[in-house]
Amino acid sequence: MAFDILGYYNDHKGFYGNAPLEDVAKDAYKRGFHQGEPDYGTWQQKQGVASILDEDAKKRMQDNPSNPIGRAFHDTAMSLAKGVVVGIPETVIGMADIPTMGHAGKGVDALLRKTVGGGFQEANQFFDESLSPETQAAKEKLNQAKGFVETVKTGAENPSVVWSSIMESLPSMFGGFHVSGIQCSRRLRRRGY
């Protein structure tokens, strides 16, 4: 039987106030209103609430669009932070995975789950959910695009997603440039330059 998210929200409106249905659904899942689904996304699809949550998000966006300048600064900062906090460590662990045949990544992930309660996947999800609703919707459109041409077209129609991806990648790229610069300068010094 599908979970009645609207009925649940109306029954607890005094508690949730004007919260987005997405937040209400996440809270309901955390409170145990599921039938053993392994994660929130699976529960959302299986219980048939995904379309209701999408409709609520679209309505909220139309009723209350965010300030484009504030959104640009916020999304840029969040994307850069994701690149520093998640991107660089993932790159380093990825490099360590090559000689260890994947064991370095598994070990770090297990350590993170035991010490901070989540790994890189949860950190990525946190930063993605921290983006503005407009950028989240644009990212979803890009994820739904099929094929090269449609993906490029969708990216052109949603430049915030392209910008966000660039900002996420910058910290790792600069880290790579820095490491290669150190290696290059060491070789030059050895040769007497």
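Read the figures in this text as sums done on the coordinates, not as results from a lab. Please read all numbers here as calculations on a predicted model, not as lab measurements. So basically every Cβ, Gly included, is an ideal-geometry build from the backbone, and we count neighbours across all protein chains shown.
In the chain, the calculated helix contribution to ellipticity at 222 nm averages -24000 deg cm²/dmol per residue, counting -39,500 (n - 2.57) for every DSSP H run with n ≥ 4.
Phi-derived couplings, Karplus 6.51 cos²θ - 1.76 cosθ + 1.60 at θ = phi - 60°, listed residue by residue for the range 173-180: 5, 5, x, x, 4, 5, 5, 5 Hz, with x used for Gly and Pro. By the gyration tensor of its Cα atoms, with a ≥ b ≥ c the square roots of the eigenvalues, what is the shape of the range 5-63: rounded for a/c under 1.5, prolate for a/b over b/c, or oblate? Judged from the Cα gyration tensor, the range 5-63 comes out oblate (a/c at least 1.5, b/c at or above a/b). Under 18 Å from a point placed 7 Å out from the Cα of A110 along the Cα-to-Cβ direction: which residues of the range 65-97 have their backbone N that close? Zone members listed by number: 93-94, 96-97. Taking square-rooted eigenvalues a ≥ b ≥ c of the alpha carbon gyration tensor, is the chain rounded, prolate or oblate, where a/c under 1.5 means rounded and, failing that, a/b exceeding b/c means prolate? Prolate shape, in that a/c is at least 1.5 and a/b is the bigger ratio. Model label points for N143 and D128, set 7 angstrom from Cα along the Cα-to-Cβ axis, are 0.4 nm apart. Specify the longest stretch of the chain that does not include any exposed loop site, a site being one of the trypsin sites (Lys or Arg not before Pro) with a non-H, G, I, E, B DSSP assignment and at most 12 other Cβ atoms within 10 Å. The longest uninterrupted stretch comes out as 32-145.
Subtracting the Cα-Cα distance of R31 and E157 from their residue separation scaled by 0.36 nm leaves 41.5 nm. If the segment from Q45 to R190 were pulled out straight at 0.36 nm per residue, it would be longer than the present Cα-Cα gap by 46.2 nm.
Remark: relative contact order (the chain) = 23 percent; criterion is Cα-Cα distance under 8 angstrom and separation of 6 or more residues. If the limit is 22 Å between Cα atoms, which of K26/K59; K46/K82; K82/K141; K58/K139 go over it? Cα-Cα > 22 Å for K46/K82; rest within. Just check the range 44-108 against the gyration tensor rule for me: Cα atoms, a ≥ b ≥ c as the square roots of the eigenvalues, rounded for a/c under 1.5, and otherwise prolate or oblate depending on whether a/b exceeds b/c. Because a/c hits 1.5 or more and a/b fails to exceed b/c, the range 44-108 counts as oblate.
In sequence order, the range 88-104 has phi-based couplings of 5, x, 4, 5, 4, 5, x, 5, 5, 5, 4, x, 9, 6, x, 6, 4 Hz under the Karplus curve 6.51 cos²θ - 1.76 cosθ + 1.60, θ = phi - 60°, and Gly or Pro positions carry x.
Given R₀ = 41 Å, what would the calculated FRET efficiency be for H12 paired with H178, taking r from the Cβ atoms and rounding to 0.05? So the FRET efficiency works out to roughly 0.20.
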